[in-house]
Amino acid sequence: MTGRKDVHHDFAVAISWSRLKEAIYEPFLNQSIPYDASPFASSAQETKSGLWTGTSRQVLVAAGILAIPFVFNYLFAVIVYHWTNLRRTKRQTPPEYPAMLPFVGSTFSFLWDSASFVKKATSYAGKLTCVRISLLVNGIFLVQEPAAVADMWKNQCLSSPIYVYTIGLRYMFGMSEKALETYTADDSGPARNPHPSSNVAPHNRVDFLTHDLLLRGLTGAPMLPTFRRFQTIVKRNLGAQEIGDEWVEMPDLFRFFTKNIGTAVLEALFGPSLLEINPGFADDMWTFDQEVQNLAKRLPRFMIPRAYQVRNRMLAQIQNWYRYAREHFRDDEDGAAGDWDPFWGSVMNRDRQKSLLGIDGQDDAAMASADLGLMWTSITNSVPSTMMTALHIFKDADLLSRIRASLEDTVSRDASGVELAMDKLLSKDLLQSVYAEVLRLYVQTYITRCAPHEDVAIGSWWLPRNEVGMVSSHVSHMNTEFWNEQNGKHPVTSFWAERFLLDPSDAQSGPMKRTAGDMTNEAEDKAAKGATDGGQFSSKGLSGAWIPYGGGFGACPGRLLAKRMIMFTSALLVSEFDIEIRTPEFEMDSSHYGLGIQKPKVPVAFAIRRRKACH
Ligand code: HEM
């Protein structure tokens, strides 16, 4: 027995080949010892356990031998990683983040522990950096160094989201491989002029055509009519709720928002017909949203049947809508239907039909996948962010009364109801700061770029040609090197309504961290007294740091509409209703990390009543 222990001990201390051989062969040798002549086993039971010990040790040792190349490989990767970071030269490719398992690389950590893995992988010596992570199929570059992120937005070659489009359309929104071929073949870029090295036919420039239609539809002339529809529908939806002077208890704030605000987003953008002919569509959207991260992880149908069922149902409902709208919509040669009609909603949808169906391989089914993506993006980002803005305001009585006071010159009422002057509302400092802080705190999205034709300089690194660069908004938003935390009083992980208010005479104010050297005497005095006079909303200098909407030419085309929807809805609720939050403490859910905005993990109960001042 002692001899066996020694073998184990020696193996652990020094891996010597002769000992390993001995350890592997010994159990076989033991098997040949006659039962009754065995010096070790005195019973059948003991023989069995002796054999078991031997076999398991053999397996362990064999595994140990097999692991040796992996261990060396890992150690080598660790050395290269540190070497590259410590001896950085200008314009080098970001180093590979060491991963124990070859082929699989960091896949499991990236998919199942994203928040902490991405945070860990993208910081070196306490600062944000750029790094390559290897995944099952290929690798991606995580880009977090602020200068590199800012360059991602500036460089026209990096403005195409086509890579993430193809991934999203294939795995999340169910587009067929045939239709996807045009997407994967398009290397012409999203700009009006195609990349000089690209040979894609003009009618197949799906990247440009999609982006251009979205920009025109969501930031151009049709945006305001869409927003006005949204205002009318929200007021109609809230008016239809049975809420009077008495408190009404409700179990789930998110449900309240999906019902009243989510349907308003859908109806304003896509018209009432979509929801009228598919009464379950809005609810299906939230079921789909619960499942979408499983689809993004590429889990097969038998593991997540509900995800595939709800997706199929929604794709069929969208195609129903096309048929209905085609049958009922009438326009004349002057385009009298204008920017909005009840069948297609925004003119953008009519234009998308005309343009996108002309692309090779596209049909109604492919179009439905693209529209499901657009619908999901528009509603699942704006509803939770509106809810979190309102929730923070109503949770804090002092903040609520300051916001109410600031909105006094914005609200007017007449016989037809309440009106909010949007030009004034959009420039309210405190409300803008709350909105910006909510997006900073809760948006957990990846912004993905790829330059198919050339290597691109990002900060002091190179992003190689045809490789995918990805920025996590959350990592940038939690950068303690950048954000002002007022010496720990307002950590980046917590909500601070005034974070984006800059008072020039107060060096402790503003979104960015400032050093003591920046302070004037007056500012030092104020800081010592802890005084703040408010200040003005400021987003100056935040281009590589506050990135809830991505950035540059590829930035979210819905951002202007989203800001209007969030600020309008919050202001409307604040001026028309009292809300008491009954579940003040809750955890936020990070399970959608990379795909959008956090929501509370549990239903947030609340009570609501119409404000007496509003009658
Ligand atoms: C708070 C709300 C929202 C947030 C945080 C958000 C965030 C984002 C982000 C991070 C991107 C990627 C941008 C990039 O690659 O640089 C994006 C893309 C996009 N967003 Fe938004 N979004 C919001 C609301 C909306 C709304 C309301 C719409 C539609 C009405 C919309 C439509 C889109 C579309 C269509 C894209 C893809 C754009 C393209 O590829 O050209 N988003 N959004």
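The values are calculated or read from the model by the stated rules, or taken from the named source; none is laboratory data. Here the structure is a predicted model, which means the values were calculated and not measured. Positions of Cβ are backbone-derived with ideal geometry, glycine not excepted, and every protein chain shown enters the neighbour counts. Just so you know, the surface numbers come from the protein's heavy atoms only, side chains and all, with ligands and any DNA or RNA stripped out. Shrake-Rupley method; radii C 1.70, N 1.55, O 1.52, S 1.80 Å.
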- [ ] Take the Cα gyration tensor of the chain, multiply each eigenvalue by 5, square-root it, and list the three semi-axes largest first, rounded to whole angstrom.
- [x] 51, 32, 28
- [ ] Specify the inter-centroid distance of the stretch 588-608 and the stretch 345-416, based on alpha-carbon positions, in whole Å.
- [x] 17 Å
Open item on the list: Based on alpha-carbon atoms only, what is the radius of gyration of the stretch 438-491 relative to the globular estimate 2.2 N^0.38 Å?
Closed with: 1.50
Open item on the list: If N is the number of residues in the stretch 335-420, what value comes out of its Cα radius of gyration divided by 2.2 N^0.38 Å?
Closed with: 1.69
Open item on the list: I'd like the distance between the alpha-carbon centres of the stretch 294-315 and the stretch 146-210, rounded to an integer number of Å.
Closed with: 25 Å
Task: Debye log10 I(q)/I(0) at q = 0.23, 0.28 Å⁻¹ for the stretch 93-164, Cα point scatterers - done: -1.11, -1.30
Task: Among the listed pairs Lys154/Lys489; Lys178/Lys354; Lys120/Lys563; Lys154/Lys178, those beyond 22 Å (Cα-Cα) - done: Lys154/Lys489; Lys120/Lys563; Lys154/Lys178
Open item on the list: Keeping all protein chains in place and using 1.4 angstrom, which order do Trp483, Trp286 fall into by accessible surface area, from largest down?
Closed with: Trp286, Trp483
- [ ] Using Cα pairs closer than 8 Å and at least 6 residues apart in sequence, work out the relative contact order for the chain, in percent.
- [x] 18 percent
Task: Distance histogram in 10 Å bins (all Cα pairs of the stretch 378-430, percent per bin) - done: 21, 42, 35, 3
TODO: Would you mind counting up the charge near Asn294? Only other residues with Cβ under 13 Å from its Cβ, with Lys and Arg at +1 and Asp and Glu at -1.
DONE: +3
Open item on the list: Tell me the volume per residue, in Å³, of the convex hull enclosing the alpha carbons of the stretch 258-334.
Closed with: 112 Å³
TODO: Loop only per DSSP, at most 13 neighbouring Cβ atoms within 10 Å: give me the GluC sites (Glu not before Pro) in the stretch 456-515, ordered by residue number.
DONE: Glu481
TODO: Quote the convex hull volume per residue of the stretch 224-277, based on C-alpha atoms, as a whole number of Å³.
DONE: 86 Å³
Open item on the list: Show me the ranking of peptides 370-378, 72-80 by mean Cβ neighbours inside 10 Å, starting with the highest.
Closed with: 370-378, 72-80
TODO: Given a cut-off of 20 Å, name the pairs among Lys428/Lys599; Lys395/Lys540; Lys90/Lys127; Lys513/Lys601; Lys395/Lys513 whose C-alpha atoms lie farther apart than that in the structure shown.
DONE: Lys428/Lys599; Lys395/Lys540; Lys513/Lys601; Lys395/Lys513
Open item on the list: Just to be sure I understand: if I project the alpha-carbon convex hull of the stretch 537-578 onto a plane and average over all orientations, what area do I get in nm²?
Closed with: 3.9 nm²
TODO: Provide, for q = 0.10, 0.16 Å⁻¹, the log10 of I(q)/I(0) from a solvent-free Debye sum over equal Cα point scatterers in the stretch 181-303.
DONE: -0.55, -1.02
TODO: Quick one: net charge around His453, please, counting Lys, Arg +1 and Asp, Glu -1 for every other residue with C-beta under 14 Å from its C-beta.
DONE: -4
